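Laboratory data are not the source of any read-out in this text; all were calculated from the coordinates shown. All values reported here derive from a predicted model rather than from experimental measurement. Cβ: placed from backbone, ideal geometry, glycine included. Neighbour counts: every protein chain shown.
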Amino acid sequence: MLRAELDAIDIKILRELQRDGRMTNVELADRVGISAPPCLRRVRKLEQAGVIEGYHAALNGPKLGLDLVAFCMVGLRHQSESNLKSFAAATAEWPLVRQAWMVSGDSDFLLHCVAENLTQFQDFVIEVLTANEHVDTVRTMLTIRQVKKLGLAEV
């Protein structure tokens, strides 16, 4: 499904599901202003097209003892395809890395990390991240607080 195929009702459905993915189809239909059967058909179409990738619980990190959020900008020694793929695969094995992007610019990867505390994060950076054979540089940024968090359909 291409972006052009999404109409105003589809966008409303996506917005509402991002706000509350547990609501019933009847409630969703009411919120977007259509009846339940076509609403369900639209949701299934969005799921089948891969626009809706899944449904997840939003967890509160600090209440789970995960108080530190940081970003790491990682530069590799060599940007060969095999090194890029190898490093990307390594990130999947690191529990502190919650999201990872290959990026352009001064760095090759941007890692979103979550840890219990500064010591755990520092140990990861020193013992795991910088110890990776492909890593040349690591720049870290500790977050202070999140000030904005929107889903994709909030535009």
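Below are the figures for this structure:
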| read-out | value |
| --- | --- |
| Principal-axis tilt of helix 8-19 within the chain, Cα atoms, nearest 10 degrees | 50 |
| Residues H78, H134, H112, H56 arranged by fewest to most Cβ contacts within 10 Å | H56, H78, H112, H134 |
| Mean shadow area of region 3-48 over all directions, Cα convex hull, nm² | 3.0 |
| Calculated Rg and Dmax of the chain using C-alpha coordinates, Å | 19.9, 57 |
| Longest site-free stretch - the chain; sites: trypsin sites (Lys or Arg not before Pro), DSSP loop, at most 16 other Cβ within 10 Å | 78-144 |
| Distance from region 28-54 to region 61-119 (C-alpha centre basis), Å | 34 |
| Order of S107, S35, S86 under a 10 Å beta carbon neighbour criterion, fewest first | S35, S86, S107 |
| Sorted by Cβ neighbour density within 10 Å, fewest at the top, the residues W94, W101 | W101, W94 |
| In region 40-82, the GluC sites (Glu not before Pro) that fall in loop regions by DSSP, at most 14 other Cβ within 10 Å | E53 |
| Mean Cα-pair separation over length for the chain, i.e. relative contact order, pairs under 8 Å, 6 or more apart, % | 25 |
| Nearest-ten-degree value, helix 36-48 long axis tilted from longest Cα axis of the chain | 30 |
| Folded to 0 to 90 degrees: helix 81-91 orientation relative to the chain principal axis, Cα | 80 |
